[in-house]
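K.L.:
Quick one: the structure is below, and I'll ask about it shortly.
The values are calculated or read from the model by the stated rules, or taken from the named source; none is laboratory data. These numbers were taken from a predicted model, which means no experiment stands behind them. Note that each Cβ is placed from the backbone with ideal geometry, even for glycine, and that neighbours are counted across all protein chains shown.
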Amino acid sequence: MSASKDSIGRTITVAVLLCVVCSVVVSASAVLLKPKQVANKNLDRQTNILAAAGIATAGQDIPALFDQLIEKRFVDLRSGQYTEVDDPARYDARKAAKESDTGVALERGVDIASIKYQAKVMPVYLVKKQGGEGFDKLILPVHGYGLWSTLYGFLALEADLNTVVGFGFYSHAETPGLGGEVDNPNWKALWPGKQVYPAGSMVPALGLVKGNVNPASASAKHQVDGLAGATLTSNGVSNLVKFWMGENGYAPFLSNLKAGGA
């Protein structure tokens, strides 16, 4: 009598072969699609940087527009000076933050944005001044924890390094309809024209308030409407702005720029 074809050994062999084939297919797909994934990630980043700067992108060749208008530089946050990195095209501030030689662990009292680790060097983006030296706008990467997630975005400033041009997040996992309203165009439209710092100070005052801003208030230029029903996300946005625009973020760099240095 012949052995059964449904033996345990045959079943295991088929299962192993199936796993190997599937692994090869998945691995090959990941390798083949990686260049496209990287290109899409860069395109999304460029689109969000241009949007924060108030530059229209509809119908445009985004990479070409970005290269034409934007200059990418790197800043040593502690010295507030421009610096260089080994591989500018591949530099990843998120990864750098967690490496002992390129990042720092933040003490709890300092870490108001709840990010735990911070890269020593951050990229910044300058909107080139057409027909002259200098820049028209400055776009700064920022991030911090909200209710459920870390929010990653860009804050753009006018050449006075105080007036907000635009603010938006490109990655987060906040609750749709509540904290997720950081994506609402109406809320993002509240930011342009706001002031980060009070006159004569580099201590950031910009943040969200509970409810709506009173336009008659002397502090209105430093305030943005809070997100209804999303107190923790609102607090997170305020904290990340204050952290990144403060002494442990970009304030030393902005001070140097205002003094004609950096």
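K.L.:
Can you tell me which residue is farthest from residue 118 (Cα to Cα) among those in segment 244-262 that are assigned to a helix (DSSP H, G or I) and in contact with a Ser or Thr (Cβ under 9 Å, 6 or more places away or on another chain)?
P.N.:
256
K.L.:
Let me ask another. Tally time: how many residues in segment 166-189 are surrounded by fewer than 19 Cβ atoms within 10 Å (Cβ to Cβ) and part of a loop (DSSP other than H, G, I, E, B)?
P.N.:
So the count comes out to 7.
K.L.:
Residue check: is residue 116 surrounded by fewer than 19 Cβ atoms within 10 Å (Cβ to Cβ) and more than 22 Å from residue 234 (Cβ to Cβ)?
P.N.:
The answer is no for residue 116.
K.L.:
Same structure again: Looking at segment 190-232, which of its residues are over 30 Å from residue 80 (Cβ atoms) and part of a helix (DSSP H, G or I)?
P.N.:
231, 232, listed by residue number.
K.L.:
A further question on this structure: Could you list, in sequence order, the residues of segment 178-200 that are at pLDDT below 95 and on the phi > 0 side of the Ramachandran plot?
P.N.:
Hit for segment 178-200 is 200, nothing else.
K.L.:
Let me ask something else about it. Taking only pairs six or more apart or across chains, which ones have beta-carbon atoms under 9 Å, a first residue in segment 89-108 that is more than 10 Å from residue 120 (Cα to Cα), and a second residue that is assigned to a loop (DSSP other than H, G, I, E, B) and among the aliphatic types (A, V, I, L, M)?
P.N.:
91/85; 106/113; 106/115
K.L.:
Another question, if that's okay. If the requirement is being out of contact with any helix residue (DSSP H, G or I) (no Cβ under 6 Å at 6 or more places or on another chain), surrounded by fewer than 14 Cβ atoms within 10 Å (Cβ to Cβ) and not charged (D, E, K, R), which of these qualifies: 96, 53, 64?
P.N.:
Values: 96 fails: surrounded by fewer than 14 Cβ atoms within 10 Å (Cβ to Cβ); 53 fails: surrounded by fewer than 14 Cβ atoms within 10 Å (Cβ to Cβ).
Of the residues listed, the single one that is out of contact with any helix residue (DSSP H, G or I) (no Cβ under 6 Å at 6 or more places or on another chain), surrounded by fewer than 14 Cβ atoms within 10 Å (Cβ to Cβ) and not charged (D, E, K, R) is 64.
K.L.:
Moving to a separate point now. Please verify whether residue 12 is surrounded by 10 or more Cβ atoms within 10 Å (Cβ to Cβ), farther than 30 Å from residue 63 by Cα and either modelled with pLDDT under 75 or not hydroxyl-bearing (Ser, Thr, Tyr) (or both), treating the condition exactly as stated.
P.N.:
Judged against the criteria, residue 12 is a match.
K.L.:
Name, by its number, the condition in (1) surrounded by 22 or more Cβ atoms within 10 Å (Cβ to Cβ); (2) without any contact (Cβ under 8 Å) to a residue 24 or more places away in the chain that does not hold for residue 157.
P.N.:
Of (1) surrounded by 22 or more Cβ atoms within 10 Å (Cβ to Cβ); (2) without any contact (Cβ under 8 Å) to a residue 24 or more places away in the chain, only one is false for residue 157: (2).
K.L.:
Just give me the residues in segment 140-154 being without any contact (Cβ under 8 Å) to a residue 40 or more places away in the chain and either closer than 17 Å to residue 122 by Cβ or surrounded by 21 or more Cβ atoms within 10 Å (Cβ to Cβ) (or both), in sequence order.
P.N.:
Passing the criteria: 150, 152.
K.L.:
A follow-up question, please. Can you pull out the residues in segment 117-133 that are without any contact (Cβ under 8 Å) to a residue 12 or more places away in the chain and either assigned to a strand (DSSP E or B) or within 13 Å of the chain's Cα centre (by Cα) (or both)?
P.N.:
none
K.L.:
Okay, moving on. Please go through segment 201-255 and pick out each residue that is among the β-branched types (Val, Ile, Thr) and either surrounded by fewer than 20 Cβ atoms within 10 Å (Cβ to Cβ) or on the phi > 0 side of the Ramachandran plot (or both).
P.N.:
Of everything in segment 201-255, those that are among the β-branched types (Val, Ile, Thr) and either surrounded by fewer than 20 Cβ atoms within 10 Å (Cβ to Cβ) or on the phi > 0 side of the Ramachandran plot (or both) turn out to be 203, 209, 213, 231.
K.L.:
Output the residues belonging to segment 35-50 that are over 19 Å from residue 87 (Cβ atoms) and surrounded by fewer than 14 Cβ atoms within 10 Å (Cβ to Cβ).
P.N.:
Residues satisfying the conditions are 36, 40, 43, 44.
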